[in-house]
2 protein chains.
Amino acid sequence: MAVTVFNERGYDGTSMEDLSRRLGISKSSIYYHVGSKEELLALALDRALDGLFAVAGEATAGGGRAIERLEHLVRGSVAVLADRLPYVTLLLRARGNTATERQALTRRREFDQIVADLVAEAEKDGDIRPDVDPAVTARLLFGLVNSLVEWYRPGNRRISASALADAVCTVAFDGLRIRRTLRKESA
Amino acid sequence: MAVTVFNERGYDGTSMEDLSRRLGISKSSIYYHVGSKEELLALALDRALDGLFAVAGEATAGGGRAIERLEHLVRGSVAVLADRLPYVTLLLRARGNTATERQALTRRREFDQIVADLVAEAEKDGDIRPDVDPAVTARLLFGLVNSLVEWYRPGNRRISASALADAVCTVAFDGLRIRRTLRKESA
């Protein structure tokens with residue numbers, strides 16, 4: 001897949017010649033399907049962004065409390081990341097060197113804003129701790145999700161994609177510590 | 001600083017010529033101080049690793065419960081990351097293309113093992129939830145810490161380095177959710 005070659009060599013460092021060699025098809029065959037290398041990049045980035053926005057759409061349209069919709073968004077984003085790992089990896093590495101990358105970064109910021117809005121709403125509902133700035137909370141939350149591209153690989157024997165989504169939500173929403181103190185306080 | 005140029009252009013994409021131009025000093029001046037480009041890389045990576053291992057040393061030598069030492073390690077690692085941001089960024093991007101990078105990756109794995117051991121110990125103490133695999137917990141914890149290089153910049157007006165360390169510990173150990181249910185249960 002072209003996206004794998006982009007991830008290995010970097011988009012800038014990959015020529016249509018490289019793609020043709022690695023994919024084992026002629027350059028003219030590639031050009032039969034796409035007009036340019038940048039169009040391939042756009043298709044790959046959209047595959048990640050469309051998945052994330054589908055989940056964001058569910059989260060914002062759905063009923064229920066903001067914290068539940070936020071949890072749905074986190075769980076769904078982990079699923080998209082696990083399912084479309086090379087595409088999300090490419091998206092997270094985009095630095096804005098081309099018009100296509102800049103467009104993708106704009107959509108990424110829109111997505112981040114949806115997360116930040118949900119965090120702020122959940123905080124207003126009294127469901128999320130108010131001692132951390134909502135914008136910082138949103139960044140930490142998706143920093144945690146996005147960090148998965150560094151080590152998670154499909155078929156990981158230690159943890160499945162859905163168990164991973166559970167683990168991320170457990171850590172982020174409930175924390176690692178077993179809270180004895182609260183129990184003691186109210187005993 | 002050489003490390004900034006490495007981060008911008010990638011280590012492989014940076015020549016001594018590039019460094020000389022960007023630093024405004026002659027190549028012979030650079031060679032007066034270091035034997036090679038790879039020696040510069042080793043110095044930069046050590047600056048990150050030495051900081052992280054100093055904190056790990058405190059965490060493993062210190063008394064107290066494992067969860068407290070783990071929290072010290074997380075807080076200290078955020079401080080090192082904020083203080084030595086370009087060096088830690090370079091370390092996190094190292095992929096093992098040179099002997100120096102491979103050596104750094106070996107040390108990084110040693111550091112990760114210290115984290116994983118502390119998590120396992122805290123879980124045995126009954127201080128950390130046992131429903132997430134300790135190795136996964138360790139990866140999530142430092143995935144969260146390492147994700148800071150993507151957005152945190154020194155002088156960030158929204159949050160100081162020490163407030164950031166607090167926020168990371170709060171989210172990771174105590175979670176975002178305000179736990180009404182526990183209070184209700186024991187009421």
**OP:** Filter segment A:167-187 down to residues that are more than 7 Å from every other protein chain (Cβ to nearest Cβ) and at pLDDT below 95, then give me how many there are.
**Re:** 4
**OP:** Go through segment A:143-156 and give me each residue that's within 20 Å of B:Cys169 (Cα to Cα) and either within 8 Å of another protein chain (Cβ to nearest Cβ) or more than 14 Å from the chain's Cα centre (by Cα) (or both).
**Re:** A:Gly143, A:Leu144, A:Asn146, A:Ser147, A:Leu148
Subject >> Among (1) closer than 18 Å to B:Ala56 by Cβ; (2) more than 10 Å from every other protein chain (Cβ to nearest Cβ); (3) at pLDDT below 95 - the single one B:Leu105 does not satisfy >> reply: (3)
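Kindly provide the set of residues from segment A:84-101 that are assigned to a helix (DSSP H, G or I) and surrounded by 13 or more Cβ atoms within 10 Å (Cβ to Cβ), ordered by number.
A:Leu85, A:Pro86, A:Tyr87, A:Val88, A:Thr89, A:Leu90, A:Leu91, A:Leu92, A:Arg93, A:Thr100, A:Glu101
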**OP:** Test A:Pro130 against the criterion of being at the interface with chain B (Cβ under 10 Å from one of its Cβ atoms) and either small (Gly, Ala, Ser) or more than 13 Å from the chain's Cα centre (by Cα) (or both), and give yes or no.
**Re:** yes
**OP:** Could you tell me which residue of segment B:81-99 is modelled with the highest pLDDT, considering only residues that are charged (D, E, K, R) and more than 22 Å from B:Thr60 (Cβ to Cβ)?
**Re:** B:Arg93
Subject >> Any chance B:Val119 is under 21 Å from B:Thr60 (Cβ atoms) and facing another protein chain (nearest Cβ under 10 Å) >> reply: yes
Original post:
Which pairs do you get when a residue that is of a type in the set (Ser, Thr, Tyr), found in segment B:100-114, comes within reach of a residue that is surrounded by fewer than 17 Cβ atoms within 10 Å (Cβ to Cβ), reach meaning Cβ atoms under 8 angstrom, with the pair 6+ apart or on two chains?
Top reply: B:Thr100/B:Glu38
Subject >> Any chance B:Val78 is within 30 Å of A:Glu8 (Cα to Cα), touching a Cys at 6+ places or on another chain (Cβ under 9 Å) and either surrounded by 22 or more Cβ atoms within 10 Å (Cβ to Cβ) or at pLDDT 95 or above (or both) >> reply: yes
Original post:
Regarding B:Ser147, is this residue surrounded by fewer than 18 Cβ atoms within 10 Å (Cβ to Cβ), hydroxyl-bearing (Ser, Thr, Tyr) and assigned to a helix (DSSP H, G or I)?
Top reply: no
**OP:** For residues that are among the aliphatic types (A, V, I, L, M) and touching a residue at least 60 places away in the same chain (Cβ under 8 Å), scanning just segment A:115-163, find the one that is farthest from B:Leu140 (Cα to Cα).
**Re:** A:Ile128
**OP:** Collect the residues in segment A:14-34 that are surrounded by 15 or more Cβ atoms within 10 Å (Cβ to Cβ) and assigned to a loop (DSSP other than H, G, I, E, B), keeping them in residue-number order.
**Re:** A:Thr14, A:Val34
Subject >> For B:Tyr11: the one exception among (1) aromatic (Phe, Trp, Tyr); (2) exposed (fewer than 14 other Cβ atoms within 10 Å of the Cβ); (3) within 14 Å of another protein chain (Cβ to nearest Cβ) >> reply: (2)
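So, B:Arg153, is that one at pLDDT below 95, surrounded by fewer than 18 Cβ atoms within 10 Å (Cβ to Cβ) and not in a helix (DSSP H, G or I) or not?
yes
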**OP:** Scan segment B:157-166 and give yes if some residue there is more than 7 Å from chain A (Cβ to nearest Cβ), assigned to a loop (DSSP other than H, G, I, E, B) and under 22 Å from the mean Cα position of the chain (by Cα), otherwise no.
**Re:** yes
Subject >> segment A:110-139, residues that are buried (at least 21 other Cβ atoms within 10 Å of the Cβ) and within 25 Å of A:Asn7 (Cβ to Cβ) >> reply: A:Val115, A:Arg139
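The values are calculated or read from the model by the stated rules, or taken from the named source; none is laboratory data. Keep in mind the model is a prediction, meaning the values are calculated, not measured. Neighbour counts run over all protein chains shown; Cβ positions are idealised from the backbone, glycine included.
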